[in-house]
Amino acid sequence: MEERVSISISEGVADVRLVRADKMNALDQAMFEALVAATDRLSKEKGVRAVVLSGEGRAFCAGLDMGRFAAMQEKGGNGIPGGENRDPTARTHGQANFPQQAVWGWRQLPVPVIAAVHGVAFGGGFQLSLGADMRFLSADARMSVMEIKWGLVPDMAGTPILATLVRDDILRDLTYTGRIFSAQEAMAYGLATRICDDPRATALEVAREIAGKSPDAIRAAKRLLNNLSVDPGPALLAESIEQQKLIGSANQTEAVRSNLEKRAPTFAD
């Protein structure tokens with residue numbers, strides 16, 4: 001896990017860092033496994049009262065590793081090694097499948113999680129930020145629901161979370177176009193909690209403030225706030241069903257191939 005995600009705990013605050021800086025913290029198999037392992041560990045870690053999730057280097061998380069798209073083109077699946085042999089509709093972690101748990105696990109933690117986002121949070125990286133209770137962004141941060149670029153839909157718990165954060169038409173705009181939007185737009189849409197000069201430093205300061213409150217009350221508050229949302233189970237399963245139908249289809253393969261070949265796609269209607 002340490003090769004992809006580091007965890008240090010001090011004064012009740014877990015400082016969680018994505019440490020694949022040379023690849024802009026892109027999501028490969030090892031990163032997925034490390035994220036799931038991190039939430040599993042923190043769910044059992046006594047004394048943790050708040051969590052800050054951030055990325056080292058130039059970005060929070062650039063999304064799915066580009067090498068995985070090449071693997072998707074060649075072997076099918078979801079771009080994760082062995083993904084072509086994995087049923088995405090199988091619920092491996094309660095209501096979620098394995099890739100969804102890399103995001104949903106942060107929502108399930110009994111304590112508040114703050115995502116400190118700088119650089120880019122694209123595709124799966126954007127969905128990862130959604131797993132946090134709050135998102136603190138740098139002024140130059142950029143985000144995108146980028147799955148449409150690759151002929152896919154968000155399938156890492158993004159849709160049920162987004163539905164609680166933004167207007168329906170904004171959600172549709174971002175999902176249909178995959179356009180990149182700014183931190184200022186994210187704030188206007190309800191996707192950013194704060195815009196900060198130093199998101200990680202601010203997030204750690206707020207996390208320490210939260211850690212100084214009654215842990216019983218903080219955990220109770222998170223349970224109450226999580227329960228305000230509708231049951232995510234059907235939406236999580238629907239993500240997987242729709243993605244399963246898309247992966248490996250002619251148009252999805254063409255979307256991947258045209259992007260890798262840097263040309264305009266030719267889709268069959």
For ASN259, placing the label point 7 angstrom along Cα-to-beta-carbon and taking the range 23-47, residues whose amide nitrogen sits under 13 Å are 27
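GluC sites (Glu not before Pro), restricted to the range 149-225: which are DSSP loop and have at most 16 other Cβ atoms within 10 Å? Display every interim value, and only then the final one.
Values: sites: GLU185, GLU205, GLU209; in loops: none.
Hits after loop and neighbour filter: nothing returned.
Using the crude model of +1 on Lys and Arg Cβ and -1 on Asp and Glu Cβ, and no other charge, please compute the dipole size for the chain relative to its Cα centre, in debye to 20. Walk me through the numbers on the way to the answer.
Working: 31 positive and 33 negative charges, 60 e Å.
It comes to approximately 300 debye.
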Setting aside same-chain residues fewer than 8 positions from LYS222, which lysines have a Cα under 24 Å from its Cα?
-> LYS44, LYS46, LYS213
Those lysines that a straight Cα-Cα span of less than 30 Å connects to LYS262, excepting residues fewer than 8 apart in one chain | LYS23, LYS75, LYS149, LYS245
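Using DSSP to call loops (not H, G, I, E or B), can you name the trypsin sites (Lys or Arg not before Pro) in the range 189-269 whose Cβ has at most 15 other Cβ atoms within 10 angstrom?
Values: sites: ARG194, ARG200, ARG208, LYS213, ARG219, LYS222, ARG223, LYS245, ARG257, LYS262, ARG263; in loops: LYS213, LYS262, ARG263.
Those that pass, being in a loop and sparsely packed, are LYS213, LYS262, ARG263.
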Separation of alpha-carbon centers, the range 237-269 and the range 141-219, rounded to whole Å = 25 Å
Once amide H atoms are placed 1.01 Å from N in the peptide plane, what residues at a sequence separation of 5 or more from LEU64, or on another chain, have their amide H within under 5 Å of its amide H?
-> LEU27, GLY124, GLY125
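Over the chain, what is the percentage of antiparallel beta bridges among all DSSP beta bridges, to the nearest 5?
Working: 9 of 31 bridges.
So the antiparallel bridges amount to about 30 percent of the total.
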Sticking with the crude label model, points 7 Å out along Cα→Cβ, report the distance from THR89 to ARG58 in nm, one decimal please.
-> 4.1 nm
Answer in debye to the nearest 20: the dipole magnitude of the range 1-66 about its Cα centre, from +1 Lys/Arg and -1 Asp/Glu charges placed on Cβ, is 180 debye
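Provide the gained length on full extension for the span ASP198 to ILE9, in nm with one decimal, where the gain is 0.36 nm per separating residue minus the Cα-Cα distance. Walk me through the intermediate numbers first.
Details: separation 189, 0.36 × 189 = 68.04 nm, distance 1.99 nm.
Contour length minus Cα-Cα distance gives 66.0 nm.
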In the neighborhood of PRO265, defined by Cβ-to-Cβ distances under 12 Å, what is the net charge if each Lys or Arg adds +1 and each Asp or Glu adds -1?
-> +2
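Using just the helices of the chain, give the 222 nm mean residue ellipticity in deg cm²/dmol: DSSP H runs with n ≥ 4 each add -39,500 (n - 2.57), and the total is spread over all residues, rounded to 500. Write down the numbers at each step before the final one.
Working: 11 runs with 120 residues, N = 269.
That comes out to -13500 deg cm²/dmol.
Computed from the coordinates by the stated procedures, all read-outs in this text should not be read as laboratory data. Since this is a predicted model, take the numbers as computed values, not measurements. Glycine also receives a Cβ, built like all others from the backbone with ideal geometry; neighbour counts cover every protein chain displayed.
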